[in-house]
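What follows is a single structure, written as structure tokens, with notes after it.
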Amino acid sequence: MTAAKRTLDASSGELLLHTGVTGSAARMGHRLTIAMRSWLATLDVDGDEPVAVEVTVDLDSLDVLAGEGGMTPLSGAEKTLVRNNALKSLQAKRFPQAIFRSSSIERGEDSWRLAGTLDLTGQSREQTVVVHVVGDDADLRITGEALVRHSDHRIKQFSMLMGAMKVADEVRVTLTAQLGTGPSP
């Protein structure tokens with residue numbers, strides 16, 4: 001049997017980044033929720049078994065949705081500043097995409113464990129993604145989660161107040177998407 005290709009993109013669901021804040025002045029900072037508005041996941045499947053996954057994210061599509069905590073609510077101007085700082089930290093002009101490629105896929109009791117590499121800011125590092133798939137033969141709901149560390153990719157965490165407040169090293173990445181598997185029109 002040959003592998004079939006399936007694709008997911010931003011019209012299929014959402015890819016979100018969730019940041020934390022550390023340091024002695026962490027209470028002053030916002031825990032951010034950031035949407036990536038342009039991404040493409042290509043899945044090679046053999047029957048109902050995934051055999052390869054590749055996800056490409058356009059970093060310039062970064063959109064700051066919300067900031068929890070902080071001394072004041074996150075304003076529109078602050079969201080723009082956060083976006084610009086994030087793109088600078090990610091060196092998005094030099095490295096416009098983040099790419100995850102699976103090298104092995106293991107089925108668990110209620111999930112799939114994808115191991116592979118994440119290419120980000122010119123650094124290629126091992127990355128694990130856990131994916132849950134729920135649904136029937138016509139529609140599948142896919143949720144996934146990974147933890148990405150700034151330090152693994154030599155990304156300098158944004159900081160303020162002489163380092164007393166900075167973005168946490170670990171960023172939680174979540175994916176929620178629908179994959180229609182029924183017959184094509």
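Note on the chain: Rg/Rh from Cα positions, Kirkwood definition for Rh, rounded to two decimals, is 1.01. Might you tell me the accessible area per residue for the stretch 4-180, computed with a 1.4 Å probe and given in Å²? Each residue of the stretch 4-180 exposes 57 Å² on average to a 1.4 Å probe.
In deg cm²/dmol and to the nearest 500, what is the mean residue ellipticity at 222 nm of the chain if only DSSP H runs of at least 4 residues count, each as -39500 (n - 2.57), divided by the residue total?
-2500 deg cm²/dmol
Helix 76-89 axis versus longest C-alpha principal axis of the chain: approximately 70°, rounded to the nearest ten.
Add +1 for every Lys or Arg and -1 for every Asp or Glu among the other residues with Cβ under 15 Å from the Cβ of Ser111, and state the total.
Working: positive: Arg107, Arg113, Arg141; negative: Asp48, Glu49, Glu106, Glu109, Asp110, Glu145.
Neighbourhood net charge equals -3.
Ranking Ile142, Thr22, Leu43 by how far each Cα lies toward the positive end of the dipole of the stretch 1-144 (charges on Cβ) leaves Thr22 at the top. Computed over protein heavy atoms with a 1.4 Å probe, the carbon and sulfur contribution to the accessible area of the stretch 1-100 reaches 54%.
By how many nm would the segment from Glu68 to Ser124 lengthen if fully extended, with 0.36 nm per residue of separation less the alpha-carbon distance?
Values: separation 56, 0.36 × 56 = 20.16 nm, distance 3.09 nm.
Extra length from Glu68 to Ser124 when fully extended: 17.1 nm.
The values are calculated or read from the model by the stated rules, or taken from the named source; none is laboratory data. Small disclaimer: the values here were computed from a predicted structure and weren't measured. For neighbour counting, all protein chains shown are included, and Cβ atoms are generated from backbone atoms with ideal geometry for every residue, glycine included. For the accessible areas, the whole protein counts, side chains as well, though only heavy atoms, and no ligand, DNA or RNA atoms are used. Shrake-Rupley method; radii C 1.70, N 1.55, O 1.52, S 1.80 Å.
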